[in-house]
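See structure below.
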Amino acid sequence: MAPQRRGAPKAPEGSGAAERRRPSSVKSARAPREVWSKWLRAAVLGTCATLAALLLWGSLGGDEVGTEVLAHRGEVLSGRFMEVPCSEDYNSHRRFEGCSPTRCGRGVSDTVITRDEALRIRSIAEKGLALGGSGGGASILDLHSGALSAGKHFVNLYRYFGDKIENIFSEEDFQLYRDVRQKVQLAVARAFGVSASALHLTKPTFFSRINSTAARTAHDEYWHAHVDKATYGSFDYTSLLYLSDYLEDFGGGRFVFMEEGANRTVEPRAGRVSFFTSGSENLHRVEKVRWGTRYAITIAFTCNPDQGIADPAFT
Ligand SMILES: *[C@@H]1O[C@H](CO)[C@@H](O)[C@H](O)[C@H]1NC(C)=O
Ligand SMILES: *[C@@H]1O[C@H](CO)[C@@H](O)[C@H](O)[C@H]1NC(C)=O
């Protein structure tokens, strides 16, 4: 669940705030002196609690009002899930019983993919992206289609290199990619109570590399708030696997779920998987990267078998 550190509307566990705010007039039958000392004690305790909360908040790096951290970079989460009501976005698409979202929400786990797997898969991204790269700050590599950012456009690596692609990527690279994709698929299926075999990988599923260089084309503008299902109709469940660490490898670049009254951030961490239903219940954006380089993979799933894509493989 979301850490309710501040501004929680429903006064969560352990919060004495509601008690403290209650008018003391009901206790007027007591001796005034006793009431006074009780009040004083409550006030002192309240002040201490507030100071402690502020210190904790400050040390955890929370700085913006209305922002809550859903997953902190220092945490190792074995699975945190926050349910949100489904939007109606899925109704305007063909529904697949037992797969199309009926339980919506978002989750984060640091135990699906190991840090080692994340770093090994990042080296695949580095290798591929070194062959091209956008002139703006955001480059992508899609191992399924072969699309690679190059200047203001994209090239197709597979068409460009032909058979020689085997000198760039190895069978082990593709095997690792498939294994990681499969683990993420199982985790997404489990979290939303659907069968993993009902989920199909869909496009675009791609590596992203983002740095602080200014955008040159619309393709580089990754920071706008958006709804995945509105952008890509096939998406039902979106997942992200982070391949670098917030504040170690880059600054900015946090993922933000945008809600009225509260923005909830996921701080990237190598090996961290975050996943969510793709409709407007999960409007989100990525903050601009301010320094360093941020690597991630977006892995998308659809319930519609006709919109499925195959894993990368040498043919
Ligand atoms: C959430 O983020 C958006 C864009 O960054 C901002 O305009 C909005 O005020 C934020 N909401 C809250 C409650 O802080
Ligand atoms: C960001 O990446 C691009 C390649 O995509 C590169 O040309 C540029 O120099 C990089 N900028 C920084 C600040 O490292």
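The values are calculated or read from the model by the stated rules, or taken from the named source; none is laboratory data. All values derive from a computational prediction rather than experimental measurement. Ideal geometry is used to build each Cβ from the backbone, glycine not excepted, and the neighbour counts take in all protein chains shown.
Out of Arg94, Arg103, which single residue is closer than 13 Å to Tyr237 by Cα, in a loop (DSSP other than H, G, I, E, B) and either more than 16 Å from ligand 2 (Cβ to nearest atom) or touching a Pro at 6+ places or on another chain (Cβ under 6 Å) (or both)? Spell out the reasoning first.
On the way: Arg94 fails: closer than 13 Å to Tyr237 by Cα.
The unique qualifying residue is Arg103.
If you take the residues in the stretch 142-163 that are touching a strand residue (DSSP E or B) at 6+ places or on another chain (Cβ under 8 Å) and assigned to a strand (DSSP E or B), which one is farthest from ligand 2 (Cβ to nearest atom)?
Going residue by residue through the stretch 142-163, those that are touching a strand residue (DSSP E or B) at 6+ places or on another chain (Cβ under 8 Å) are 142-152, 154-157.
Within this subset, residues satisfying the condition of being assigned to a strand (DSSP E or B) are 147-151, 154-156.
Values: Ala147: 15, Leu148: 11, Ser149: 7, Ala150: 9, Gly151: 9, Phe154: 13, Val155: 13, Asn156: 18 Å.
Ranking the qualifying residues of the stretch 142-163, first place goes to Asn156.
I need the full set of residues from the stretch 225-267 which are assigned to a strand (DSSP E or B), more than 17 Å from Ile113 (Cβ to Cβ) and of a type in the set (A, V, I, L, M, F, W, C), in order please.
Kept after step one, since they are assigned to a strand (DSSP E or B), are these residues of the stretch 225-267: 226, 237-242, 246, 250-252, 255-259, 262-266.
Going one step further and asking which of them are more than 17 Å from Ile113 (Cβ to Cβ), we end up with 226, 250-252, 256-259, 262-265.
Passing the criteria: Phe250, Val256, Phe257, Met258, Ala262.
When you go through Ala310, Ala300 one by one, which is the residue that is within 17 Å of the chain's Cα centre (by Cα), within 23 Å of Phe96 (Cβ to Cβ) and of a type in the set (A, V, I, L, M)? So that I can check it myself, show each step before the final result.
Details: Ala310 fails: within 17 Å of the chain's Cα centre (by Cα).
Step by step, each of Ala310, Ala300 is checked, and only Ala300 is within 17 Å of the chain's Cα centre (by Cα), within 23 Å of Phe96 (Cβ to Cβ) and of a type in the set (A, V, I, L, M).
One residue is enough: does the stretch 66-76 have a residue meeting the conditions at pLDDT 95 or above, surrounded by 14 or more Cβ atoms within 10 Å (Cβ to Cβ), in contact with a strand residue (DSSP E or B) (Cβ under 7 Å, 6 or more places away or on another chain) and assigned to a loop (DSSP other than H, G, I, E, B)?
Checked the stretch 66-76: at least one residue is at pLDDT 95 or above, surrounded by 14 or more Cβ atoms within 10 Å (Cβ to Cβ), in contact with a strand residue (DSSP E or B) (Cβ under 7 Å, 6 or more places away or on another chain) and assigned to a loop (DSSP other than H, G, I, E, B).
Can we say Thr231 is farther than 22 Å from Asp142 by Cβ, out of contact with any helix residue (DSSP H, G or I) (no Cβ under 9 Å at 6 or more places or on another chain), more than 16 Å from ligand 2 (Cβ to nearest atom) and of a type outside the set (A, V, I, L, M, F, W, C)? Walk me through it before giving the result.
On the way: farther than 22 Å from Asp142 by Cβ: no; out of contact with any helix residue (DSSP H, G or I) (no Cβ under 9 Å at 6 or more places or on another chain): yes; more than 16 Å from ligand 2 (Cβ to nearest atom): yes; of a type outside the set (A, V, I, L, M, F, W, C): yes.
Taking the combined requirement at face value, the residue does not satisfy it.
Just to verify a result, which residue in the stretch 225-270, among those that are within 14 Å of the chain's Cα centre (by Cα) and hydroxyl-bearing (Ser, Thr, Tyr), is surrounded by the most Cβ atoms within 10 Å (Cβ to Cβ)?
This residue is Tyr242.
Scan (1) part of a helix (DSSP H, G or I); (2) within 23 Å of the chain's Cα centre (by Cα); (3) not aliphatic (A, V, I, L, M) for the single condition Ser139 breaks and write down its number.
(1)
Got a sec? Which of Ala130, Ala118 is of a type in the set (Gly, Ala, Ser) and surrounded by fewer than 18 Cβ atoms within 10 Å (Cβ to Cβ)? Lay out the reasoning, then the answer.
On the way: Ala118 fails: surrounded by fewer than 18 Cβ atoms within 10 Å (Cβ to Cβ).
Just a single option satisfies the conditions, and that option is Ala130.
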